[in-house]
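Everything on this sheet refers to the single structure shown next.
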Amino acid sequence: MKKNWLVLLLVLFVAMIVAACAPDREEQAEAPEGSTNTEEAATEEKPEKLVIWEDIDKSAGWLEDAIASFEAEHGIQVEFKELNMADAIRDQLRLDGPAGNAPDIVTLPHDQIGQVVTEGLIQEISVEDDVLARYSESSVSAQMYNGALYGLPKATETPVFIYNKALMDEAPATMDELYTFSKDFTSGDNYGFLALWDNFYFAHAVLGGMGGYVFGEGAEGLDREDIGLNNEGAVEGADYIQQWYSEGLFPAGIVGETGGAAMDGLFNEGKVASVMNGPWAFQGMRDAGIDIGVAAMPTLPNGEPMKTFMGVKGWNVTSFTEYPYWSTKLIEHLTSDEVSLARFEAVSEIPANVALVEEPAIADNEGAKAVALQSQYAVPMPNIPEMGEVWGPMASALQTIATSKSDSKSALDEAVDQIKTNIETNH
Amino acid sequence: MKESTSSTKHRKTAMLLSLIPGVGQFYNKQILKGLVFLILAVSFGSVFFQYIGFGYWGLITLGEIPKLDHSIFLLIDGIIAVLLTLMGLGIYAFNLYDAYHNGKRRDLGEGVNSVRQQYHNLIDNGFPYLMISPGFFLLIFVVIFPIIFVLLLAFTNYDLYHSPPANLVDWVGIQNFKDIFTLDVWRSTFFSVLTWTIVWTFGATTLQVALGIFLAILINQKDLKGKVLFRTIMILPWAVPSFITILIFSGMFNDTFGVINRVILPMIGMDAIPWMTNETFTRIALIMIQSWLGFPFIFAMTTGILQSIPEELYEAADVDGASVFQKFFSITLPLVLYATAPILITQYTFNFNNFNVIFLFNGGGPALPSQNAGGTDILISWIYRLTMTSAQYGKAAAITMILSIIVITVALWQFRRTKSFQEEDMM
């Protein structure tokens, strides 16, 4: 008897708690819906301060001035904090956002946009057309996802042709020239040209230049059903890549996860005449005492320029801010021509502003000029989350192609099959 | 007779009264204890009532309104609510038991303890419990809580498209497990990774154990000069952090520039071996590296045991005319295994989850055609890939559970066998 009573009491107790405690939040639920509209500047109060998260070591020398001029104009204080852009900002935002400590503005690489929008971490912004006209078209398209704008571009980067001036007089205009040079130059530990073409980030330049593409253009952004990585052009490109490896112009030692370190090491020892690498590599090479020259990538044998992948770093407004209108105003200010120029002078990241291409500070800087030039042919990395499924299978395919374990057509077919299955199962 | 009739009354009344915590103790005239129970219950209820109710609601629904409800936070709140409830129930049960127990003492005419006696009782009998309780309390939140979290995550559809704050996570029952065993991509990858994981565990561990024991016995020979020097050298691989050793090995095994293919193999007249790009050779290299990393520990342990084996055993064997091998298999090996068996088992379970060496040596590569795990990925590094590149948190949790079940079963089974093994009379 006693036990039955106890059990009954317990059940009642728990049932009571569960029933009583579903929070009643009808009114609260309405609130956030209406307030996200950036158009309603009139209804949005002026904030006391806004918070920015900038990439690590990238705020010195320009951000404080930019903040001061914004405060002078609008009377809004701005605070900033530095966090590693590659992953820390996103990971931190996932936790701090729902907990109520989120910043108003973050900086993110554009290829994360699809993912963070899906997770609901950043919000759509609306700016005037004359603001958008400030930036190059491709950098704006990198900030678009499903037809909506999610940020403003701050800097762009893309791989370029870097050569050791001691070993090469001037950058070749075509890959055919480079091939002949390389055939001549390569012997023992010396290589005429090296590139990590088993890494899809770099290999896309070749596949894309020959006619391949990752996702086709659909009506609303990229079409995830249409994958062009095993079309005729892509296979031709892969064959071309294979040629460099199989003829011994690229050693097997730069294949795989550790290949990048091996390549950098050889270049910094002065054994390699030229490499394909991004602007982030300049400093390390100069530090190693190499006198480098930088140029746009040579054209492919079919006469087309290399379609390198472009990375766009942008300013994004988080979903957690109460002041979307003023946050948007602030990032407009941060990407204005004057501020962008000051930022370039401070941190050497190449801005996306069209008006700055002619600016002497950029036009006379060999590295910046080469990146700007190459950017004309570059395509932004796809920013849809499905892109995450492309890297792995493509790396596998390119690796098997580079080591001649399989021919281009079948390796790429298999990779595309796998990308499609993964997209179907994971997305 | 009189006493026994009255006895039923006291214990029953006290316990029933204690349904409101503390009242039973008042009835037993233990005012202080009753007060403690009452205050504890009231404060527990008033502080946690709302929280626990909200937690249960969250745990069951995982949120109802996207953007407002954060499913993962609710899940965490829910688990904490369950833990709190269990603690509360524990104290409540103790309160009932205490009232009943003291009522019974009164019934039997033993009288209840005074406050002073209760204090001494607590110090004398409860001291160990008192001492471990802070640690145990911490353990609940640091160890048990995450385990429950992963366990529950395995039954949700938590992935990129069901990521808070934009979306809600839902309970999906055993769908994740079903998918792993029925969908083609998942099943084939799972079983191929599992096969290699098992081969890896047994290959690498057995080799490192055998090598360690062999070297220990070799160096423990009576006539050997310079034992100290040899022992020091044998321990050295252990003294270098494995992280560094693996990275150095990864450079040494590089296909083109590694010292192994460049210097060592040509010296003995062999051609270069594709260590990093052929999965069979990568596997062989990994097993060798792990033997290198793992043997010093076994070596040191075995050396200690060998020195404690009484010399008389060997003298007696000599008298009986035993050969060297007979002495080894009948005396040395059984005694060594007898003492080290539990540690050997932990070596197997350690290698089963040895993420470092797999990940640092070649990133789980080389890539294999038609598989989404690399050629040397073991289960744990595959789980890492799943969560980092595909954001398949639910599936990864399910695989983690399967992996834990395997490890726990094997460890339990082996430990039980060793126990029976140990109970045999060895000497």
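The values are calculated or read from the model by the stated rules, or taken from the named source; none is laboratory data. These numbers come from a predicted model, not from an experiment. We place every Cβ from the backbone using ideal geometry, glycine too, and count neighbours over all the protein chains shown.
Would you mind listing the helices (runs of 4 or more DSSP H) fully within segment B:142-224 where at least 3 residues are over 26 Å from the mean Cα position of the chain (by Cα), closer than 22 Å to B:Thr340 by Cβ and in contact (Cβ under 8 Å) with a residue 24 or more places away in the chain?
B:184-219
Hey, any hits in segment B:121-130 for a residue that's small (Gly, Ala, Ser) and under 27 Å from B:Phe145 (Cβ atoms)?
Yes, segment B:121-130 has at least one match.
Whether any residue in segment A:386-396 is away from chain B (no Cβ under 14 Å), in a helix (DSSP H, G or I) and of a type in the set (D, E, K, R) is what I want to check.
Within segment A:386-396 (the criterion being away from chain B (no Cβ under 14 Å), in a helix (DSSP H, G or I) and of a type in the set (D, E, K, R)), the answer is no, since none of the residues qualifies.
Could you go through segment A:392-402 and let me know if any residue there is under 25 Å from A:Lys58 (Cα atoms) and in contact with a Phe, Trp or Tyr (Cβ under 8 Å, 6 or more places away or on another chain).
No, because not a single residue in segment A:392-402 is under 25 Å from A:Lys58 (Cα atoms) and in contact with a Phe, Trp or Tyr (Cβ under 8 Å, 6 or more places away or on another chain).
Inspect all residues belonging to segment A:362-372 and state whether any of them is crowded, with 20+ Cβ neighbours inside 10 Å, of a type in the set (Gly, Ala, Ser) and over 23 Å from the mean Cα position of the chain (by Cα).
no
For the list (1) of a type in the set (Ser, Thr, Tyr); (2) more than 13 Å from A:Thr318 (Cα to Cα); (3) modelled with pLDDT of 95 or more, I need the number of the one condition that A:Ser141 fails.
(3)
So, of the residues in segment B:46-76 that are at the interface with chain A (Cβ under 8 Å from one of its Cβ atoms) and aromatic (Phe, Trp, Tyr), which turns out to be surrounded by the fewest Cβ atoms within 10 Å (Cβ to Cβ)?
It comes out as B:Phe49.
Could you tell me whether any residue of segment B:216-226 is in contact with a helix residue (DSSP H, G or I) (Cβ under 9 Å, 6 or more places away or on another chain), closer than 24 Å to B:Arg283 by Cα and surrounded by 15 or more Cβ atoms within 10 Å (Cβ to Cβ)?
no
Looking only at segment A:310-323, filter to residues that are surrounded by 23 or more Cβ atoms within 10 Å (Cβ to Cβ) and hydrophobic (A, V, I, L, M, F, W, C); which one of those is nearest to the other protein chains (Cβ to nearest Cβ)?
Top of the filtered list is A:Val317.
Out of all the residues in segment B:61-93, which are over 28 Å from the mean Cα position of the chain (by Cα), farther than 20 Å from A:Val7 by Cα and part of a helix (DSSP H, G or I)?
B:Thr61
Could you identify the single residue in B:Met301, B:Met276 that is among the aliphatic types (A, V, I, L, M), within 30 Å of B:Ala341 (Cα to Cα) and surrounded by 17 or more Cβ atoms within 10 Å (Cβ to Cβ)?
B:Met301
Looking only at residues in segment A:224-241 that are within 14 Å of chain B (Cβ to nearest Cβ) and of a type outside the set (A, V, I, L, M, F, W, C), which one is surrounded by the most Cβ atoms within 10 Å (Cβ to Cβ)?
Within segment A:224-241, the match that is surrounded by the most Cβ atoms within 10 Å (Cβ to Cβ) is A:Asn230.
Run down A:Trp280, A:Trp315 and say which single residue is assigned by TED's automatic domain parsing to the domain that holds A:Asp176 and within 21 Å of A:Ala378 (Cβ to Cβ).
The conditions single out A:Trp280.
Which residues, counting only those in segment A:349-385, are within 18 Å of A:Asp111 (Cα to Cα) and among the aliphatic types (A, V, I, L, M)?
Hits for segment A:349-385 are A:Ile350, A:Ala352, A:Ala378, A:Val379, A:Met381, A:Ile384.
Given the criteria of a type in the set (A, V, I, L, M) and on the phi > 0 side of the Ramachandran plot, does B:Leu139 qualify?
Here the answer is no, as B:Leu139 does not meet what is asked.
Quick one: A:Pro103 ticks every box in (1) surrounded by fewer than 16 Cβ atoms within 10 Å (Cβ to Cβ); (2) in the same structural domain as A:Ala370 (by TED's automatic domain parsing) except a single one, so which number is it?
It fails just one condition, (1).
Please count how many residues of segment B:327-381 are within 14 Å of another protein chain (Cβ to nearest Cβ) and not in a helix (DSSP H, G or I).
Here the count works out to 15.
Could you please give the count of residues in segment B:231-252 that are free of Cβ contacts under 8 Å to residues at least 60 places away in the same chain and surrounded by 15 or more Cβ atoms within 10 Å (Cβ to Cβ)?
4
Mind counting the residues in segment A:403-418 that are within 11 Å of another protein chain (Cβ to nearest Cβ) and either free of Cβ contacts under 8 Å to residues at least 60 places away in the same chain or surrounded by fewer than 22 Cβ atoms within 10 Å (Cβ to Cβ) (or both)?
Count: 8.
Would you check which residues across segment A:350-362 are in contact (Cβ under 8 Å) with a residue 24 or more places away in the chain and in contact with a helix residue (DSSP H, G or I) (Cβ under 7 Å, 6 or more places away or on another chain) and list them?
Within segment A:350-362, A:Ile350, A:Pro351, A:Ala352, A:Asn353, A:Ala355 qualify.
Let me spell it out: the conditions are (1) closer than 23 Å to A:Gly289 by Cα; (2) part of a strand (DSSP E or B); (3) of a type outside the set (Phe, Trp, Tyr), and A:Pro153 meets all of them except one. Which number is the exception?
(1)
Could you tell me whether A:Lys183 is more than 14 Å from every other protein chain (Cβ to nearest Cβ), assigned to a strand (DSSP E or B) and surrounded by fewer than 20 Cβ atoms within 10 Å (Cβ to Cβ)?
The answer is no for A:Lys183.
Residues to consider are A:Thr425, A:Thr400; find the one that is surrounded by fewer than 20 Cβ atoms within 10 Å (Cβ to Cβ), within 11 Å of chain B (Cβ to nearest Cβ) and assigned to a helix (DSSP H, G or I).
Result of the check over A:Thr425, A:Thr400: A:Thr425.
May I ask you to list pairs of residues, at least six apart or on different chains, whose Cβ atoms are under 8 Å apart, with the first in segment B:258-286 being in contact (Cβ under 8 Å) with a residue 24 or more places away in the chain and not assigned by TED's automatic domain parsing to the domain that holds B:Gly375 and the second being crowded, with 17+ Cβ neighbours inside 10 Å and not in a loop (DSSP other than H, G, I, E, B)?
Partner pairs satisfying both residue conditions: none exist.
If I ask for residues that are within 14 Å of another protein chain (Cβ to nearest Cβ) and under 21 Å from A:Leu330 (Cα atoms), which ones from segment A:101-115 would you list?
A:Asn101, A:Ala102, A:Ile113, listed by residue number.
Could you check B:Gly109 against (1) under 30 Å from B:Tyr393 (Cβ atoms); (2) outside any helix (DSSP H, G or I) and say which number it fails?
(1)
For segment A:284-325, give me each residue that is part of a strand (DSSP E or B), over 22 Å from A:Asp169 (Cα atoms) and not β-branched (Val, Ile, Thr).
A:Phe309, A:Met310, A:Gly311, A:Lys313, A:Gly314, A:Trp315, A:Asn316
Could you check segment A:76-137 for helices (runs of 4 or more DSSP H) lying wholly inside it with 3 or more residues that are under 20 Å from the mean Cα position of the chain (by Cα)?
The helices (runs of 4 or more DSSP H) meeting that bar are A:88-99, A:113-119.
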